[in-house]
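Taking it in order: structure first as structure tokens, then the write-up.
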Amino acid sequence: MKGISKILEVLIAILFIASVYLYLFGPGEKVPDLEITTWKIRGFEALRVLDESNKLATNALANETGKIEADLEKILPIGINYKVLICTQECPGVNISSEKITSVSYFIAGNATNLEPKEILLYMWR
């Protein structure tokens, strides 16, 4: 009888230690969704391509979000919805209801004739 009580004590101690360990060092961080990560990379690269062709700065300084979105339509993959915001100070929030959504910020300083920093915020969702 004495041996069984010692075994029960050890089992209870092991369960207690294991539960404390799992509580403290539990599941950890969630692994990012690879699809959303791919969207971010493609969105940033699309904005970079437009910036290198000088279309992004020209349209951003004129606040032409429609032209930027039309240029992005040629570059971004089909099936991804997107919206472009051009901000000078703080960007307003958007109301997009989707489970998969991400955003990319791209900053420009202007062009040779107009030094006006802007943030181009690209929202992408499906």
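Against the test of being polar (S, T, N, Q), at pLDDT below 90 and in a loop (DSSP other than H, G, I, E, B), the options SER98, SER5 yield a single qualifying residue, SER98. When LYS55 is tested against the conditions (1) basic (Lys, Arg); (2) surrounded by fewer than 15 Cβ atoms within 10 Å (Cβ to Cβ); (3) in contact (Cβ under 8 Å) with a residue 12 or more places away in the chain, the lone failure is (2). Out of all the residues in the stretch 91-98, is one or more touching a helix residue (DSSP H, G or I) at 6+ places or on another chain (Cβ under 7 Å) and closer than 21 Å to GLU35 by Cα? Checked against the condition, which is being touching a helix residue (DSSP H, G or I) at 6+ places or on another chain (Cβ under 7 Å) and closer than 21 Å to GLU35 by Cα, the stretch 91-98 yields no hits at all. Among the residues of the stretch 71-97, those identified as more than 12 Å from MET124 (Cα to Cα), surrounded by 12 or more Cβ atoms within 10 Å (Cβ to Cβ) and not acidic (Asp, Glu) are ILE75, ILE86, CYS87, CYS91. Among the residues of the stretch 99-126, those identified as free of Cβ contacts under 8 Å to residues at least 40 places away in the same chain, within 25 Å of PRO32 (Cα to Cα) and surrounded by fewer than 15 Cβ atoms within 10 Å (Cβ to Cβ) are GLU99, SER105, PHE107. Among residues of the stretch 102-126 being of a type in the set (Val, Ile, Thr) and assigned to a strand (DSSP E or B), the one that is farthest from THR88 (Cα to Cα) is THR102.
The numbered conditions (1) farther than 22 Å from LYS55 by Cα; (2) in contact with a Ser or Thr (Cβ under 8 Å, 6 or more places away or on another chain); (3) of a type in the set (A, V, I, L, M) are all true for LEU121 except (1).
The values are calculated or read from the model by the stated rules, or taken from the named source; none is laboratory data. As the structure is a computational prediction, the values presented were derived from the model and not from experiment. Using ideal geometry, Cβ is built from the backbone for each residue, glycine included, and neighbour counts are taken over all protein chains shown.
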